[in-house]
1. Would chain A count as rounded, prolate or oblate if I go by the C-alpha gyration tensor, calling it rounded below 1.5 in a/c and otherwise prolate when a/b exceeds b/c, oblate otherwise?
2. Counting other beta carbons within 10 Å of each Cβ, put A:445, B:472 in order, fewest first.
3. Within region A:67-162, report the trypsin sites (Lys or Arg not before Pro) that DSSP leaves as loop and that have at most 12 other Cβ atoms within 10 Å.
4. How would you rank B:373, B:123, going from fewest to most other Cβ atoms within 10 Å of each one's own Cβ?
5. I need to check one value: relative contact order of chain B, counting alpha carbon pairs closer than 8 Å and at least 6 residues apart, in percent.
6. If you rank A:87, A:186, B:217 by fewest surrounding Cβ atoms within 10 Å, what's the result?
7. To make sure I understand the rule: partners must be aspartates and glutamates, Cα under 13 Å from the Cα of residue A:231, and not fewer than 8 residues away in the same chain. Which ones qualify?
8. Measure nothing but the geometry: give the 0 to 90° angle between the long axis through the Cα atoms of A:90-101 and the longest principal axis through the Cα atoms of chain A, rounded to 10°.
Amino acid sequence: MRFPSRPVCFPIVAASAMNLTLEQVVQMAPDSASAASGKKLVAVKHWPELGRSPEALWGKCQGSAVYQVKVDLANMGYNCSCPSRKFPCKHVLGLLMLTAQSPDALSEQPTPSWVDDWLAKRRAREETKEAKSAAPPSTPVDTKAREKRAEQRGANVSDGLSRLDLWLKDLVRTGLASVETKPDSFWQEQSKRLVDAQAPGLASRVARLSSIPRSSPDWVGRLLAELGRMKLLLHAHNRLETLESSLASDVRQIIGWNVTQAELDQTGEEVADAWVIVGQWIDEDDRIRSQRSWVVGRKTGRSALILQFSAGGHPFADSIVAGTEQTGTLVFYPGAVRLRANFGHREGTVASIQNRLPGCDSIESFLASMAAAVSQMPWLNAFGGVLRGVTIVRDGESWLVRDSAGHALPLRGANHWKALAISAGHPSDVAVEWDGHQLRNLGLFAGGQYWNY
Amino acid sequence: MDELTKMALVGTSQYGGTVPTADHPAFALLAELPENDREELLLLRSGTQAVYDLAGHRPVMNVAAIAPAPTEDCRKASRKLAGLLQNALATNASDLLIGFLQQMQGARIVAPPDLLPLLLDCTDPAVREQVLPILGVRGRWLSTQNPAWSWVQLGAAHVSESDQAALQKTWDDGTIAERCQVVALLRRSNPELAREWVSAIFAQEKPAHRVSLLEEFVTGLSPADEPFLEKCLSDRAPTVGQTAARLLCRLPASALAIRMRDRAAAMLIAETKGSSKKLTKLGCSPPEKIDRDWERDGVPGKAPTGRGLRALWVETVLAAVPPANWSTHFGFSADQLIEAILDDQFEGPVLQGWTEAAARFAATDSQSELWLTPLWNHWAGAVERMKGAGRALALERLKTLLPSMARGEAERGMLNLFTAAADGDHVETLALLSLLPRPWSAEFGTGFLALVRQVLAKRSDNTAYQWANTLFIAGRALPADAFPAALADWVVAEVQKSAAWQVNAVEREIDQFMEVIQTRQGFFAEVVGTAHRT
């Protein structure tokens, strides 16, 4: 019985644009177990066949069978022939980690037919999708039935909102001191009623209220502010027809009406730019995972939020990797402040960020952008972007982001040592999400490279 | 808390009067609202105020800047190096990690910035020792920002005045482990001050703490410590006295060392023959009883169950005397004296005492160091000759000697032992492997691997499995020069199906071994590459 020694030297080839860091690949993993399993495959011995082209990465992984793993560099789409229900699976993660750690392990080669076929199918699918959205619907729409459904939903929502209005008034009548000891079910019950009333967006807002009582010394003020803003929303809904169409669209989206693809095609705003995915975080809420990716355009300086949802362990529809940038078109959703967007069209390959991040040069200008946005859309919950040339500062047990003028905003969380170690007290570009109270640190560009957080 | 919040907290049903109309600019927007629906008004005013405040949020002003880290003057780690280091940190593989850190030190590469907090959080003292040199300017700067990382300053050999103030604080408020660390550190630079601090509080401490603090005196031990240690001999706790005695006997000119030498000399009698005074026999004759002075000097007055009291006296007294003393006293070499004591009634205790003394004094007394190899040879012979308890005892003696031996000597002795073991069924000697200083020499590494390959090629039983198990240590201890020998094809003996689990286990060990070697090889190659690139 012989154990052959494994090759440990790789042919040296030029590194391609796809140079994700290990941390970025780990962030793509659906859970920590998958990331750990992927790490175990970061050795050439597991990969009897490896290769890359300007369009794709591929490899055959020796598991209980030989699995074919492919990654589309145009949009970080991936596929593996293994039966895993996790996306991306450990084989895809392993291939990406191997590429991140030893780029030279994958030499440039002619694309094998199994990769070519897959890429061709993907391109064909994308073309079909585009053609489909451009073409009129194949089956005639029953407009009458649709109008009836919309009317019914409108009535349900109005009914649900009236009950919410009563509930809000009851709360302030009996006093917020009474909610201090209320169980979580107190909030969830009201949230479920709103789900039944077909107002899921508002239902999530109500469910999130449960985290406020006792969370800070000023929790009463914060809870009252949220209840007040909710009351303003109900007030606006009652006068929907008097609002500007963009603000009315915002109100409807917050309450829970989805913007359909057809509406997006009609009213969405297309903006072409080199889009930098400056930061991302995933909100794990029950069984629904929400991925919030903040994107800033290099030329336009415009901020966008790409929101993706997944349930039951399914992958997010689009591969959005923090710390990368890609040229393409973002389609912004209708609204008074067009912030939410989706990638409409992508060009070239996904590349790691190599230059400083676009964003605000002072905290004042960042807050001014926030003020402008809130003045148009009062229910804005969070505003993301980049604070350029700022330092991370520790103030007792809390942390601050400080700009060159000595202005600062508090950071959420108690451990920002990694950010301090990376920036070393020098100015750096920090990607943040501001919720009106605290900044969530999403990543930073320091020392000539992007660091995930 | 403003009036609106107060009203909401108490509830409109309890709060009399109208909804407060504070002088808030946003309230002008709500002028047309009916005053009679107090809840409606309260909620809308609160909402409007919240939106206004959100839009007009002011930053914290006049926040002081922090002094940034000075420029790094060492090489920076590549991302690949950082990834490998992060894996070693994540898997708690401290032995691998230590090897990596040592490689980085050699190439003057500093730790990747994002891993600094993880490295500074390490609690293993062995890892910390290796982390210190690769922290770089940035790491040391970072450690000053967090009190939890003060060990970076405490661990440095030099103690400045400001450091001393920090040490004093830890000494006053710290746990016993932290206070021992303070004593150890201070003993390196200012042993007198450390002694003053300890002696000032010594009487109030618990016996176990007194022992722990006293044990740190081994650092920077000098004749100046003798008066304090002599005082400790009279401590009411025997363990404290015994610790002080062990320290005093390390000072050759101390009164206790002289007393012990005299007591030992009275025990050993050499018999010579002829005019050339050839040594024929060395006899040991311990006293039948000892007085209280002996006990005060750390010689036990009672023996544990199963031990002879007189044998224990021989062991304790001889362990306190540098073995070189006997070469001078009798005029014979270590080999001759060891040979001469054989067959004496107290042969075992004498050899045990000498073994402990050789291990204790080898570092400070080059003449006593000469005793290590003869004693090793004696016990190694016993391991081969004896069985059962005697063999186990001899192995224990080898374990005592091994950490004090020079690497070359130790490796030669071990290779001889293993060569003998590879031809037989005894695998107990393999337990010594973990005590061998790392990294091994290439000569020992390749020699040992050849023995493992020899055993695995011809056997597939439990012995083969035990040998395969040593690859775990070898994977971490082999030097880079031995990597080609480690990565060459492995041949494992074919077996019947009944023993398949052993072969599977052996294969697994080989697989893991090769993985570790490849990881280390990759890391070393990256270290060399980084050094060449910058």
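Coordinate-derived values only; no laboratory data. In this text, all values refer to a predicted model and were calculated from it rather than measured experimentally. All Cβ positions, even for glycine, are placed from backbone atoms using ideal geometry, and neighbour counts span all protein chains on display.
1. Prolate, since a/c reaches 1.5 and a/b exceeds b/c.
2. B:472, A:445
3. Passing sites in region A:67-162 are A:85.
4. Fewest-to-most ranking of B:373, B:123: B:123, B:373.
5. Once divided by the residue count of chain B, the mean separation gives 9 percent.
6. Least crowded to most crowded, the residues run A:186, A:87, B:217.
7. Reachable aspartates and glutamates: A:165, A:170, B:39, B:40.
8. 70
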